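Each remark here refers to the structure printed beneath this line.
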Amino acid sequence: MRILIYGAGVIGSLYAAYLAESGYSISVLARGKRLEDLKQNGLRYFRRGATRRADVTILETLQPGDRYDYIFLTVREEQLRCALAQLNGNISPTIVTMANTIAPYAELDRLCGKGRLLPAFPGAGGGFLNGILDAGLTPYFIQPTTFGEIDGRNSERVETLKRIFSKAHIPHQVVKDMRLWQICHLGMVVPLADAYYMAENPQEAHKDNAAMRTTARRLHENFTRLHQCGIRISPPKLNLFRLCPVCVLSRVLPAVFRSRFGNRFMLQHAIKARNEMDVLHDEFYSFLDERKKQAG
């Protein structure tokens, strides 16, 4: 089994490390400063209190004839279309798009070559400390790695990917409608990221009562609007945001923001990916407005 990780940021590096530890043949495509660091020092990561180096092959180019069983595309939303277009000339059969997007999958599928796209979303977060990956997987009950075919069918490549993740001890789930899942995911993460941008000191966003109240209200409004548009909330547990009173949410949110989980999986991404989150903010609310017009 040959797997290419296209993108050597936090997410790509973490999945590369887990998959390499499980014995898979892993290559990592990197660019710029990250490429130079990987060439010089290898893919270093913290695991169980020690610094390790992943047994991976570092690449700076991908040739059309380079065939991998899976390409994991771990790039930001604003880089996604360009990366898919570049992969159109490669012969690998399956591109797993681990990206935060609500772009129509038919459009993305055309960019990379029809039938190759397998939408997914990572369950991970963290950062780098002096060039060493300091990241982790989110627990299953919070957000496992999520994926599924565009048409919702249970394909052989989905079953194979489940076995790959199981062997690598990566929490995962398959959903029937990935785009629906990603729309609902944005309904949650956009207000959470915006809270850090509203706060004068993002590291202490939990102390900003106005930011916490605004975030609680936006979460409630987002899922209320999605429900009113006839969108099935996925996963169902996110219905909590529309069913729970705003006053209760605003009291619970500070504990989430000041937790170790909040720092590792929410704060770090929000600060590093401000441009991406601004784009996703606009895309999500434009989507809601368009659905409202269609329903009206």
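Quick notes on this one:
- Region 31-43 - residue that is without any contact (Cβ under 8 Å) to a residue 24 or more places away in the chain and either acidic (Asp, Glu) or not in a loop (DSSP other than H, G, I, E, B) (or both) and, of those, least open to solvent (accessible area, probe 1.4 Å): Gly32
- Qualifying residue in region 247-270 (condition: outside any helix (DSSP H, G or I) and open to solvent by less than 30 Å² (accessible area, probe 1.4 Å)): no
- All conditions but one from (1) of a type outside the set (Ser, Thr, Tyr); (2) touching a helix residue (DSSP H, G or I) at 6+ places or on another chain (Cβ under 9 Å); (3) part of a strand (DSSP E or B) apply to Phe46; the one that does not is (2).
- Subset of region 234-246 that is within 21 Å of the chain's Cα centre (by Cα) and among the hydrophobic types (A, V, I, L, M, F, W, C) - its residue that is surrounded by the fewest Cβ atoms within 10 Å (Cβ to Cβ): Leu238
- Pick from region 271-296, criterion more than 22 Å from Glu204 (Cα to Cα) and aliphatic (A, V, I, L, M), ranking: surrounded by the fewest Cβ atoms within 10 Å (Cβ to Cβ): Ala295
- On inspection, Ile150 fails the criterion of being within 18 Å of Phe265 (Cα to Cα), of a type in the set (A, V, I, L, M, F, W, C), outside any helix (DSSP H, G or I) and open to solvent by 20 Å² or more (accessible area, probe 1.4 Å).
- Residue within region 47-58 that is over 24 Å from Val190 (Cβ atoms), hydrophobic (A, V, I, L, M, F, W, C) and out of contact with any Lys or Arg (no Cβ under 9 Å at 6 or more places or on another chain) present: yes
- Residue ID - least open to solvent (accessible area, probe 1.4 Å), chosen from residues in region 106-117 that are farther than 17 Å from Gln79 by Cβ and part of a helix (DSSP H, G or I): Asp109
- Only one entry of Val75, Val56, Val28 meets the criterion of being in contact with a helix residue (DSSP H, G or I) (Cβ under 6 Å, 6 or more places away or on another chain) and open to solvent by less than 20 Å² (accessible area, probe 1.4 Å), and that entry is Val28.
- Contact map, region 121-146: residues that are open to solvent by 30 Å² or more (accessible area, probe 1.4 Å) paired with residues that are polar (S, T, N, Q), Cβ distance under 9 Å, separation 6+ or inter-chain. Pairs shown: Phe128/Ser13; Leu137/Thr145; Tyr140/Gln173.
- Number of the exception - Leu87 against (1) touching a helix residue (DSSP H, G or I) at 6+ places or on another chain (Cβ under 8 Å); (2) without any contact (Cβ under 8 Å) to a residue 12 or more places away in the chain: (2)
The values are calculated or read from the model by the stated rules, or taken from the named source; none is laboratory data. As the structure is a prediction and not an experimental result, all values here were calculated from the model. Cβ sites come from the backbone with ideal geometry, for glycine too, and all protein chains shown count toward neighbours. The accessibility values were calculated without ligands, DNA or RNA, using every heavy atom of the protein model including side chains. Shrake-Rupley method; radii C 1.70, N 1.55, O 1.52, S 1.80 Å.
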